[in-house]
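See below for the structure under consideration.
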């Protein structure tokens, strides 16, 4: 019998925030338990940020240089294969709980189609059982049905007994059994109990994405961490002096993006307030972990657990006060290092293994293609993780990880005006191995970090003569990587007298 497949994403969950990886504060007992039954990928990274570009990489198996979803709102070209279409070819009815943040290709829709007014579309191929977009209307309606008559807007996220914008650990009006994660978990479990044949489901949790607020007991579960727990320069000014991009980006971050009802720039928050927000964020992670445990326990109770492959990951991570910053984007590890745990009950021999090789979000689709036993419809940038799940290392695995970030602003042109660059030039790419990290900007000066001696990424070595050979090596390696990953969909096929001949290209 075909296995069930459960793909879970928890939006904005940092890769270091797992107690299974020895985090000094955060407790994630249910993800830890999943890792004991599966494989934990300790060096897993998003291929882009923010949400739409990151999810495009996760769903299509492509780097941003190929899928070209550069920002939230950039349409995903309809020609690309994805996890839902692949699952459908394998005989599943891929079913969505949550959201995929996929802006549709306008060339295949009528000009007046309302789907063209939002980037929160649904990835082609999914059947939607329970949508939950940023306005959270479905969840708010559910809350009202539970007696929260005041839950008519996202003001429900305001902490009780506080003023708008106050950095407080006060809880919201809804309980731990009434969070967005609890709502989606319940909807998924209700659906799962109805299934009579193998299923593929994608549960896309919005938490621990902002706004940073969480019910009891998670609101005060963790104490604020000391200053030395953060990766950052001694001050915001020192941070901005590292690179012109930071001098542009940090002053533009708005409190309202992270605390509902807040006004003003993030730069108004002091170190104590930042530490308090991080403690709340950690509580949000543990609250989401509890809902994961609820799902796992229910699947066991209904007898589905031993035939269910579980993939747990995130789309991208969260700066959470590192480098005096919140959110995702730029080039720091805090935005891109994400969790990945895969449990395949058919491959129990590798249970409890930790993989320290670099893996990418682009590897998820190739891995699922192995599960589905179907072929991709176009070339892919990622590689299957199946060998790791079998307890062995694949041949010629990557020695470094690659990701991209695009900071163009097509609507207002802020970045273009600030830097004097075209939209095409407002982007960066990162190549990182265990020792060094190289950041190439299209129109700005590069960065090079010696992570062994500077794990917090505070000192740029790009202009240091002692590191000139390293900088050159990484620039050449990035150029070679881009050449290898140009779209190979038809480039590996040639027409001959005997018909088409196709190579794997490996």
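Things worth noting here:
- Computed over the chain: relative contact order in percent, which uses C-alpha pairs under 8 Å that are six or more apart: 23 percent
- A quarter of the convex hull surface defined by the alpha-carbon atoms of the stretch 407-488 gives 6.9 nm² as the mean projection.
- The distance separating the Cα centre of the stretch 58-89 from that of the stretch 454-506 comes to 21 Å.
- Antiparallel bridge percentage (DSSP; both residues within the chain; nearest 5): 50 percent
- Using every pair of distinct Cα positions in the stretch 294-441, the Kirkwood expression returns a hydrodynamic radius of 18.2 angstrom.
- The ellipsoid equivalent to the alpha-carbon distribution of the stretch 165-314 has semi-axes of 37, 17, 14 angstrom, derived from the gyration tensor eigenvalues as √(5λ) and listed largest first.
- Three-way shape label, the stretch 1-63, alpha-carbon gyration tensor, a/c 1.5: oblate
- Space enclosed by the convex hull of the alpha-carbon atoms of the stretch 347-506, per residue, Å³: 197 Å³
- Förster-model FRET efficiency, 35 Å R0, residue 491 and residue 23, C-beta, rounded to 0.05: 0.20
- Over the chain, dividing the summed -39,500 (n - 2.57) contributions of all DSSP H runs of at least 4 residues by the number of residues returns a 222 nm mean residue ellipticity of -7500 deg cm²/dmol.
- Mean Cβ neighbour count within 10 Å, used as a protection proxy, ranking 430-437, 69-76 highest first: 69-76, 430-437
- Note that the stretch 305-363 shows a convex hull volume over its alpha carbon atoms of 116 Å³ per residue.
- Note on residue 235 and residue 300: their simple-model spin labels are 5.3 nm apart, each label 7 Å out from Cα toward Cβ.
- Prolate/oblate/rounded call for the stretch 326-395, Cα gyration tensor, a/c under 1.5 rounded: oblate
- All C-alpha to C-alpha distances of the stretch 63-186, sorted into 10 Å bins beginning at zero, yield P(r) values of 11, 31, 29, 21, 8, 0 percent in whole numbers.
- Pairwise inverse Cα distances across the chain, averaged and inverted, put the Kirkwood hydrodynamic radius at 23.5 Å.
- The relative contact order of the stretch 407-488, computed from alpha carbon pairs under 8 Å that lie at least 6 residues apart in sequence, is 17 percent.
- Between residue 346 and residue 482, the modelled label-to-label distance comes to 3.9 nm, taking each label 7 Å out from Cα in the direction of the beta carbon.
- Burial order of peptide ranges 474-487, 156-169 (average beta-carbon count within 10 Å, highest first): 156-169, 474-487
- Judged by the mean number of other Cβ atoms found within 10 Å, the most tightly packed of the peptides 17-26, 210-219 leads the ranking 210-219, 17-26.
Each value in this text was obtained by applying a stated rule to the coordinates, not by laboratory testing. None of the values given here were measured: they were computed from a predicted structure. Note that each Cβ is placed from the backbone with ideal geometry, even for glycine, and that neighbours are counted across all protein chains shown.
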